[in-house]
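Visitor: One structure coming up, written as structure tokens, with questions to follow.
The values are calculated or read from the model by the stated rules, or taken from the named source; none is laboratory data. These numbers come from a predicted model, not from an experiment. All Cβ positions, even for glycine, are placed from backbone atoms using ideal geometry, and neighbour counts span all protein chains on display.
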């Protein structure tokens, strides 16, 4: 799931209104990576703890 982690790291630098929602991540997985098996809830369950970990790290270490 390194691709999702990369999106979350990029979102740290993005303006609040331009950050990815879980729904948008699911859409990009289906379109860009031909992975339409991902459900909203499974992506949400992955993103929530990882997003919290990334936001706690100092800016230079992400």
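Visitor: For the range 12-24, what are the residues that are assigned to a helix (DSSP H, G or I) and touching a residue at least 12 places away in the same chain (Cβ under 8 Å)?
Guide: Scanning the range 12-24 gives 12, 22, 23.
Visitor: Counting just the residues of the range 32-44 that are under 16 Å from residue 2 (Cβ atoms) and modelled with pLDDT under 90, which one comes out surrounded by the most Cβ atoms within 10 Å (Cβ to Cβ)?
Guide: So, considering only residues that are under 16 Å from residue 2 (Cβ atoms) and modelled with pLDDT under 90, the one surrounded by the most Cβ atoms within 10 Å (Cβ to Cβ) is 38.
Visitor: Could you pull out the residue among 54, 29 that is closer than 16 Å to residue 2 by Cβ, modelled with pLDDT of 85 or more and surrounded by 10 or more Cβ atoms within 10 Å (Cβ to Cβ)?
Guide: Criteria check complete, one pass: 29.
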